[in-house]
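The values are calculated or read from the model by the stated rules, or taken from the named source; none is laboratory data. Computed from a predicted model, the values in this text were never measured in an experiment. As a convention, Cβ positions derive from the backbone with ideal geometry for all residues, glycine included, and neighbour counts pool all protein chains shown.
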Amino acid sequence: MDKPNIIEYSVYGRYALFTDPLSKTGGEKCSYQIPTYQALKGITESIYWKPTITWVVDACRVMKPIQTESKGIRPIKYSGGNDLSYYTYLHDVEYQVRAHFEWNQNREDLAYDRNENKHYDIARRMVERGGRRDIFLGTRECQGYVEPCSFGEGKSAYQDKKLSFGIMVHGITYPDEAVREAEKGKMTVRLWNAQMMDGIIQFPQPEKCEIRHILRNAKEKEFMFEKNFRGLKEFEGGDLFGVAEDFGGNV
């Protein structure tokens, strides 16, 4: 697309937990000071997503002061026990987000659905309605809320300030998103040197992150018509649940 369609929204909540993976080894999670690219991409996908498109987060604006709060949590321990862990959350957060979508080039079978105006109009309406699915700020227990906004309106708590957050996780590249040939059939974690200027974090696009590490081999799922999925027309006058059962639930 020559001119990507952009959506802008405000997301806020009482708590957020964008977990620093280094803090998970001891069983007690500690949040990054700012949201990761992957977390914001997940929020955007909760607003509106289809396999035809891929969301790219362009920028995030931190509106409220960064403050933390520790809480005692009893994590689920399937082997038994009654342990207590301390999780460090961000408290009272609000972010303005700008994102745009691109076509998912790994799904050529959905090329017929590449209608730019259609997807943009739906995404815009979903922002106005607060998203299609529940919004989480990093983890399930941190409920978030979405509203439309104009990126840059209002005053940020970090206006006229420059902050560096060091090396932090940018996100994960899954096999169906891989652009680099060496990462085909792999799961790759991306890192970057996070900077904030005037309260705005400008995210590099995933393929431009230079610090990368392949985690493991992973297989991209293949979608084959009438083998592991069917179109809606196949269900007209039929039993949807019966057909779903025949295909292992993949309909």
Practice item. Go through the stretch 1-105 and tell me which strands (runs of 3 or more DSSP E), entirely inside it, have 3 or more residues that are acidic (Asp, Glu). Key: 85-103
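Return the only residue of Glu108, Glu94, Glu116 being over 22 Å from the mean Cα position of the chain (by Cα) and either closer than 29 Å to Pro175 by Cα or modelled with pLDDT of 90 or more (or both).
Every option except Glu108 fails the conditions.
If you check Arg124 against the conditions, is it surrounded by 15 or more Cβ atoms within 10 Å (Cβ to Cβ) and basic (Lys, Arg)?
yes
Can you report the number of residues in the stretch 114-156 which are in a helix (DSSP H, G or I), touching a strand residue (DSSP E or B) at 6+ places or on another chain (Cβ under 9 Å) and in contact (Cβ under 8 Å) with a residue 40 or more places away in the chain? Walk me through how you get there before you give the answer.
The initial filter retains those residues of the stretch 114-156 that are in a helix (DSSP H, G or I), namely 116-128.
Next, from what is left, pick out any that are touching a strand residue (DSSP E or B) at 6+ places or on another chain (Cβ under 9 Å): 116, 119-120, 123-124, 126-128.
Then drop every residue that is not in contact (Cβ under 8 Å) with a residue 40 or more places away in the chain, which leaves 116, 119-120, 123-124, 126-127.
Residues in the stretch 114-156 being in a helix (DSSP H, G or I), touching a strand residue (DSSP E or B) at 6+ places or on another chain (Cβ under 9 Å) and in contact (Cβ under 8 Å) with a residue 40 or more places away in the chain: 7 in total.
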Check your understanding: How about the stretch 61-105: which of its residues are crowded, with 17+ Cβ neighbours inside 10 Å and either more than 22 Å from Ser23 (Cβ to Cβ) or without any contact (Cβ under 8 Å) to a residue 24 or more places away in the chain (or both)?
Key -> Arg61, Met63, Glu94, Gln96, Val97, Arg98, Ala99, His100, Phe101, Trp103, Asn104
Check your understanding: Residue check: is Ser31 surrounded by fewer than 22 Cβ atoms within 10 Å (Cβ to Cβ) and among the hydroxyl-bearing types (Ser, Thr, Tyr)?
Key -> no
Check your understanding: Within the set of pairs 6+ apart or on separate chains, which have a first residue in the stretch 206-228 that is closer than 28 Å to Ala99 by Cβ, a second that is modelled with pLDDT under 70 and not β-branched (Val, Ile, Thr), and C-beta atoms under 7 Å apart?
Key -> Phe223/Phe229
Revision key, fill the gap. (1) in contact with a strand residue (DSSP E or B) (Cβ under 8 Å, 6 or more places away or on another chain); (2) closer than 30 Å to Glu210 by Cα; (3) assigned to a loop (DSSP other than H, G, I, E, B); (4) modelled with pLDDT under 95 all hold for Gln159 apart from (1)
